[in-house]
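Heads up: the structure comes next, in structure tokens.
Here, each number is a calculation from the coordinates, and none is a lab measurement. Here the structure is a predicted model, which is why all the values come from computation and not from measurement. We place every Cβ from the backbone using ideal geometry, glycine too, and count neighbours over all the protein chains shown.
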Amino acid sequence: MKFWEITSVMWGERQVLEACLVKPEWDNYYDWYLDYDRLVSEQDRAKLDAIVPDKLVREILSKSKQSFFQGKGWLRSNRFAKEDEEVSALAAFEKFGGKALDEALEKGSFKID
């Protein structure tokens, strides 16, 4: 998952994101997070598009309270049909990847196979 994607997905749960990034092993990502507005304004693609280790992504998403809904070829940020299966952010990431989470939150849904 790219740095900008995890930051976007966790924007509503910044305390969770910060609590994970502040650990010494992830201090470079924490520095980037603190400087996020500048990275975006300067379009620092090297940092924004940097791949965050799956270990860190899993740690962050395992603490997320966000739910997603999977049904009939779509991952959604809200339940569409009563038979949609509710999945955690971590489960959605593991099944479909970081892009799916970001797009489901931004656009409301993400087409899955």
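What distance in nm separates the simple spin-label points at Gln15 and Asp54, each placed 7 Å from Cα in the Cβ direction?
Taking the two extended label points, one gets 3.1 nm.
Go through segment 72-78 residue by residue and turn each phi into a ³J(HN,Hα) via Karplus (6.51, -1.76, 1.60, θ = phi - 60°); whole Hz please, and just put x for glycine and proline.
So the Karplus estimates, Gly and Pro as x, are 6, x, 9, 10, 10, 7, 9 Hz.
Taking the simple approach of a point 7 Å from Cα along Cα-to-Cβ for both Ser8 and Tyr30, what is their distance in nm?
Reported label-point gap for Ser8 and Tyr30 is 2.6 nm.
Could you list the trypsin sites (Lys or Arg not before Pro) in segment 72-105 that lie in coil according to DSSP, counting only those with at most 10 other Cβ atoms within 10 Å of their Cβ?
Lys72, Lys82
Compute the separation of the alpha-carbon centres of segment 37-73 and segment 1-27 and state it in Å as a whole number.
Cα centroid of segment 37-73 versus Cα centroid of segment 1-27: 7 Å apart.
Just name one of Trp11, Ile112, Tyr30: the one whose Cα is farthest towards the positive end of the charge dipole of the chain (beta-carbon charges, Lys/Arg +1, Asp/Glu -1).
Positive-most Cα among the choices belongs to Ile112.
Rounded to the nearest 500 deg cm²/dmol, what is the calculated helix-only ellipticity per residue at 222 nm for the chain, with -39500 (n - 2.57) per DSSP H run of length n ≥ 4?
Calculated at 222 nm, the ellipticity per residue is -14000 deg cm²/dmol.
Pull up the cross-link candidates among the lysines for Lys107, meaning alpha carbon to alpha carbon under 27 Å and not fewer than 8 places away within one chain.
Cα-Cα hits under 27 Å: Lys2, Lys47, Lys55, Lys63, Lys65, Lys72, Lys82, Lys95, Lys99.
Per-residue HN-Hα couplings for segment 52-68, Karplus 6.51 cos²θ - 1.76 cosθ + 1.60 at θ = phi - 60°, whole Hz, x for Gly and Pro?
3J(HN,Hα) across segment 52-68, in whole Hz: 7, x, 4, 4, 5, 4, 5, 4, 5, 5, 5, 9, 6, 9, 6, 10, 10.
What distance in nm separates the simple spin-label points at Lys111 and Gln43, each placed 7 Å from Cα in the Cβ direction?
Roughly 2.7 nm, to one decimal.
Whose amide H sits under 5 Å from the amide H of Lys2, counting only residues 5 or more places off or on another chain, with H placed in the peptide plane?
Amide H neighbours of Lys2, under 5 Å, 5+ apart: Val52.
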